[in-house]
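Trainee: Structure in structure tokens, see below.
The values are calculated or read from the model by the stated rules, or taken from the named source; none is laboratory data. Note that the coordinates shown come from a computational prediction; the quantities given were computed from them, not determined experimentally. With ideal geometry, Cβ positions are generated from the backbone for all residues, glycine too; neighbour counts draw on all protein chains shown.
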Amino acid sequence: MIKKILQFILCSAFVCLLWSSNVCFAAEAPEFTIGSAQNVSTNSVVIPVTTKNFVQLMAWQGSINWDNSKLTFESVSAPVSQLSGMQFNPSVSGSDGRLSFIWVDNNLSPKSIADSTTLFTITFNVVAGASGFSDVIFSNSPTQLLVSDSNNSAVKNVVYNNGLIKMAGNFISPEFFIGSAINVSTAQVVIPVTTKNFGQLLGWQGSLAWDTAKLTYAGVSAPHSQLSGIQFNPSITGGKGVLSFVWAENNATPQTINDNDILFSITLNVVNGARGSTDISFSDTPTKLLVSDAHREPVNNIIYHKGNIAFPGAQLPPEFIIGSVYNVTTSTFVVPVTAKNFTDLSGWQGSVNWDNSKITFASVSTPIAKLNEMMFNASSSGGVGRLGFVWANGNSVPQTIPDSTVLFSITFNVLSNTGITDINFTNSPTSLLVSDANAAAMNSVVYTKGSITFSTELCSGETTITSNITGISYQWQVNTGNGFTNLSENANYRGTNTITLHLLNVPSAWSGYQYRCVVNGSYSSVYSLRFRDYINGNSTINWEDLANWSCIQKLPDANTDVIITNGTVLLNFSTTVKSIQISPGANLIIQPGQNLTIVGKQ
């Protein structure tokens, strides 16, 4: 009998149960849920599988899949007692990790399980360097999802809720921008709302607000085609003009929108006699600002940029911008701080913060002449690097600086050259403040963060590269010297159609190879491979001793940049390297009769 039931549930089709009675019993469909985990920074993560409406069931089978380039199977716990005899089989196919499961009650006695009971848990190992997220989903591969009731009949309309594991860091937050306009002298003004990093989202809502003493609502344009179904509601709340909006994707298909696309435009009437300037801001009133991801979970750290409308004789608010640097290949790099609309200002202060585990402060340049009284103070606190700055014109003469002028530059040392890291303006430890020509505090100042991405610097072996843009479709490409071509899965590449590319068994001969990702038709930053080897030691050591090098797989070769930071290194044989850098206080002694050939530049 058990054999017959096993054969029954493993079939791809079930025989429907025909009721001979006129009585029909309606029951809620069974529901199975895979748990989720946020901001995972550990080497492993445990995910529960729970249930609801598990009433008088005889059998259950199926598969759970995940991205094996980010998570690998470690173990599965013993199942709950009612599922005694359940069997599991882990496997890998392509880039998918898989766990098949089959349960048939040994005694052919239907079982019921209380709602929210954990049926079993899966422990995953987190792949070193993994970033972004991995779905953990119920699947028909390799074992088809099937449930049978107490009559050995197929249960229809079973609900399967998938899980999501998000890694810590490397997540690029969506951004939303309200446009600005200057010298507005017309009866109406049209302001666009645009976006960046709008990747795989299912919902977005919120409000726009403005001063009704200067602007009144006239209308809103048709929305972007990928925001089909968005609803708008204009109103006046507390003396503010408001436009509320709510979008939820009709077909539950996550949407990705290109950077700088216009989501919609709002047309505003200019009140007769309006002077000065006024902001248009994102607001939580009356509709709260929310963004939901592909799993309908709220997205945190959304960045909202307000707009400003300036009437004749008024100026747009000052904007301060931290530069972005992409594809960093060196041990240090320089980030400029620039400005726009820096007009008749008498003071400016604030702080710049960064992740001190990835980059550390090296120095700050002398500021531009018009800011020559500016003072700086570098510090760190709780893993955050900080640079406080204060400027006040000593002669009380307001200063005007042309747009895009570099106010000062910050030089950083690189500690961890993987993934993405941001550099932000903050109020810690010095509060952000701008003073106008009358030494009065200014409102509506705009601050723009910088982002840093790194090239991949490695020993011969294995590394990962993560795209700095997100989307739905990914295709990694390589340029070995003759232009970019698409990559496919092989012994050296894994995850060629995911956000993170894994490079395996990489030879040093690949030094200089360039990689980029095509994301929804747009190109990511370009990442270049570079092989570096550092000498470790503070005494007299031999070059040929592998233990003295940071890359212990092999000695440096013609494709390797060599860096000697301390100690005395004895070269006892002839060899070739790409470049060599010797720090002050360190020494390299080439023994008589031996040669060191350098074929490239540092």
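Trainee: Take residue 244 and decide whether it is surrounded by 20 or more Cβ atoms within 10 Å (Cβ to Cβ), of a type in the set (Ser, Thr, Tyr), more than 30 Å from residue 129 (Cα to Cα) and without any contact (Cβ under 8 Å) to a residue 60 or more places away in the chain. Explain how you work it out, then say what you get.
Mentor: Values: surrounded by 20 or more Cβ atoms within 10 Å (Cβ to Cβ): yes; of a type in the set (Ser, Thr, Tyr): yes; more than 30 Å from residue 129 (Cα to Cα): yes; without any contact (Cβ under 8 Å) to a residue 60 or more places away in the chain: yes.
Taking the combined requirement at face value, the residue satisfies it.
Trainee: Any residue in region 35-44 that is over 20 Å from residue 119 (Cβ atoms), at pLDDT below 90 and either more than 29 Å from the chain's Cα centre (by Cα) or charged (D, E, K, R) (or both)?
Mentor: no
Trainee: Looking only at region 76-101, count every residue that is within 11 Å of residue 120 (Cβ to Cβ), surrounded by 13 or more Cβ atoms within 10 Å (Cβ to Cβ) and more than 28 Å from the chain's Cα centre (by Cα) and tell me the total.
Mentor: Result for region 76-101: 8.
Trainee: Quickly run through region 52-64 and pick out the residues that are surrounded by fewer than 22 Cβ atoms within 10 Å (Cβ to Cβ), assigned to a strand (DSSP E or B) and of a type outside the set (Gly, Ala, Ser).
Mentor: Matches in region 52-64: 52, 55, 56, 61.
Trainee: Assigned to a strand (DSSP E or B), more than 26 Å from residue 469 (Cβ to Cβ) and of a type outside the set (Phe, Trp, Tyr), is that true of residue 213?
Mentor: So residue 213 does not fit the description; no.
Trainee: Next question. Grab the strands (runs of 3 or more DSSP E) fully contained in region 359-411, keeping just those with 3 or more residues being closer than 17 Å to residue 426 by Cα and in contact with a Pro (Cβ under 9 Å, 6 or more places away or on another chain).
Mentor: Once the strands (runs of 3 or more DSSP E) in region 359-411 are filtered for at least 3 residues that are closer than 17 Å to residue 426 by Cα and in contact with a Pro (Cβ under 9 Å, 6 or more places away or on another chain), what remains is 375-381, 384-392.
Trainee: Regarding region 407-422, can at least one residue be identified that is out of contact with any helix residue (DSSP H, G or I) (no Cβ under 9 Å at 6 or more places or on another chain), within 16 Å of residue 368 (Cβ to Cβ) and either touching a residue at least 24 places away in the same chain (Cβ under 8 Å) or among the aromatic types (Phe, Trp, Tyr) (or both)?
Mentor: Yes, the conditions are met somewhere in region 407-422.
Trainee: Additional query: State whether the residues of region 532-539 include one that is buried (at least 16 other Cβ atoms within 10 Å of the Cβ), in contact with a Leu (Cβ under 7 Å, 6 or more places away or on another chain) and in a strand (DSSP E or B).
Mentor: Looking through region 532-539, none of the residues is buried (at least 16 other Cβ atoms within 10 Å of the Cβ), in contact with a Leu (Cβ under 7 Å, 6 or more places away or on another chain) and in a strand (DSSP E or B).
Trainee: Here's another thing I want to ask about it. Given the criterion in a loop (DSSP other than H, G, I, E, B) and either within 17 Å of the chain's Cα centre (by Cα) or modelled with pLDDT of 85 or more (or both), identify the matching residue among 301, 269, 251.
Mentor: On the way: 269 fails: in a loop (DSSP other than H, G, I, E, B); 251 fails: either within 17 Å of the chain's Cα centre (by Cα) or modelled with pLDDT of 85 or more (or both).
The match here is 301.
Trainee: Consider residue 509 carefully, then state whether it is of a type in the set (A, V, I, L, M, F, W, C), surrounded by fewer than 18 Cβ atoms within 10 Å (Cβ to Cβ), within 30 Å of residue 70 (Cβ to Cβ) and not assigned by TED's automatic domain parsing to the domain that holds residue 331. Give the steps one after another, and end with the answer.
Mentor: Details: of a type in the set (A, V, I, L, M, F, W, C): yes; surrounded by fewer than 18 Cβ atoms within 10 Å (Cβ to Cβ): yes; within 30 Å of residue 70 (Cβ to Cβ): yes; not assigned by TED's automatic domain parsing to the domain that holds residue 331: yes.
Taking the combined requirement at face value, the residue satisfies it.
Trainee: Oh, and also: Quickly run through region 566-583 and pick out the residues that are of a type in the set (Phe, Trp, Tyr) and crowded, with 16+ Cβ neighbours inside 10 Å.
Mentor: Within region 566-583, no residue meets the criteria.
Trainee: Also: Being under 30 Å from residue 94 (Cα atoms), at pLDDT 85 or above and assigned to a strand (DSSP E or B) narrows it down to one residue among 576, 498, 485; which is it?
Mentor: Numbers: 576 fails: under 30 Å from residue 94 (Cα atoms); 498 fails: assigned to a strand (DSSP E or B).
The unique qualifying residue is 485.
Trainee: Just one of 599, 569, 562, 526 is aliphatic (A, V, I, L, M), without any contact (Cβ under 8 Å) to a residue 40 or more places away in the chain and within 30 Å of residue 514 (Cβ to Cβ); which is it? Quick ask: steps written out before the conclusion?
Mentor: Values: 599 fails: without any contact (Cβ under 8 Å) to a residue 40 or more places away in the chain; 569 fails: within 30 Å of residue 514 (Cβ to Cβ); 526 fails: without any contact (Cβ under 8 Å) to a residue 40 or more places away in the chain.
One residue alone meets the criteria, 562.
Conditions (1) modelled with pLDDT under 90; (2) of a type outside the set (Val, Ile, Thr), marked per residue:
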position	(1), (2)
305	no, yes
318	no, yes
322	no, no
326	yes, yes
331	yes, yes
337	no, no
355	no, yes
363	no, yes
